[in-house]
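Novice: Okay, here's the structure, questions in a sec.
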Amino acid sequence: MRCIRRQIVALLDCSGYAGWDVGVHFVDNHRIQQLNHQYRLKDKPTDILSFPFHHTKTPEDFRGHATTDDDKNLGDMFLATPYIVHHCRANNESLPAHLPVLFTHGLCHLMGYDHELDDDFLVMASREKEILQKYKTKNRNVPF
């Protein structure tokens, strides 16, 4: 778990949110399906769900209003471990390589990005790419 914590801390730094809090919860497929059904009305498992602490009109617009330590909370991410492992095996992808991508995706949702519309997808994908490029450059030796 320390390695996962180091990855999250590094990704927060690369996204410009060093020192901010984020909750990371690993759950089974049944629990993620319950959450997906309850909050998104989709009765199926998924890899990750994010629940932002701040509600925004535009991505990251809350940032300037975070003046206390309590305000510096991005929210919570729930990851379905069996779903993710199955995805990695099915796509011949390593879990250590895939987790930073998932964490980044979740962090972007916590920052207020979404991908419901094509234009929003492009904006979010650009932000994810920016964060992952910084992460890969700065953290070549962060072990899983």
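The values are calculated or read from the model by the stated rules, or taken from the named source; none is laboratory data. These numbers come from a predicted model, not from an experiment. Reconstructed Cβ throughout: ideal geometry from the backbone, glycine too, with neighbour counts over all protein chains shown. Heads up: the accessible areas ignore ligands, DNA and RNA and are worked out on the full protein's heavy atoms, side chains in. Shrake-Rupley method; radii C 1.70, N 1.55, O 1.52, S 1.80 Å.
Novice: Can you tell me which of D13, D47 is surrounded by 16 or more Cβ atoms within 10 Å (Cβ to Cβ) and in contact with a His (Cβ under 9 Å, 6 or more places away or on another chain)?
Specialist: Exactly one of D13, D47 is surrounded by 16 or more Cβ atoms within 10 Å (Cβ to Cβ) and in contact with a His (Cβ under 9 Å, 6 or more places away or on another chain), namely D47.
Novice: Of all residues in the stretch 96-130, which are modelled with pLDDT of 95 or more, open to solvent by 60 Å² or more (accessible area, probe 1.4 Å) and of a type in the set (D, E)?
Specialist: The one that is modelled with pLDDT of 95 or more, open to solvent by 60 Å² or more (accessible area, probe 1.4 Å) and of a type in the set (D, E): E130.
Novice: Does the stretch 55-95 hold any residues that are at pLDDT 95 or above, open to solvent by less than 50 Å² (accessible area, probe 1.4 Å), within 19 Å of H109 (Cα to Cα) and not β-branched (V, I, T), and which are they?
Specialist: N73, L74, G75, M77, F78, L79, A80
Novice: Name the one entry in R5, R40 that is under 18 Å from I131 (Cβ atoms) and among the basic types (K, R).
Specialist: On the way: R40 fails: under 18 Å from I131 (Cβ atoms).
The match here is R5.
Novice: Okay, next question. For the stretch 33-44, name all the residues that are among the aliphatic types (A, V, I, L, M) and open to solvent by less than 60 Å² (accessible area, probe 1.4 Å).
Specialist: Result: L35, single match.
Novice: Also, quick follow-up: I need a count of the residues in the stretch 17-33 that are free of Cβ contacts under 8 Å to residues at least 40 places away in the same chain and either among the β-branched types (V, I, T) or closer than 25 Å to A66 by Cα (or both).
Specialist: Adding up the residues that qualify gives 1.
Novice: For the stretch 1-99, please list each of the helices (runs of 4 or more DSSP H) lying entirely inside it that holds at least 3 residues being in contact with a helix residue (DSSP H, G or I) (Cβ under 9 Å, 6 or more places away or on another chain) and among the hydrophobic types (A, V, I, L, M, F, W, C).
Specialist: The qualifying helices (runs of 4 or more DSSP H) are 2-15, 81-90.
Novice: Here is a further query. Restricting to the stretch 86-144, give me the number of residues that are among the basic types (K, R) and farther than 16 Å from S15 by Cα.
Specialist: 2
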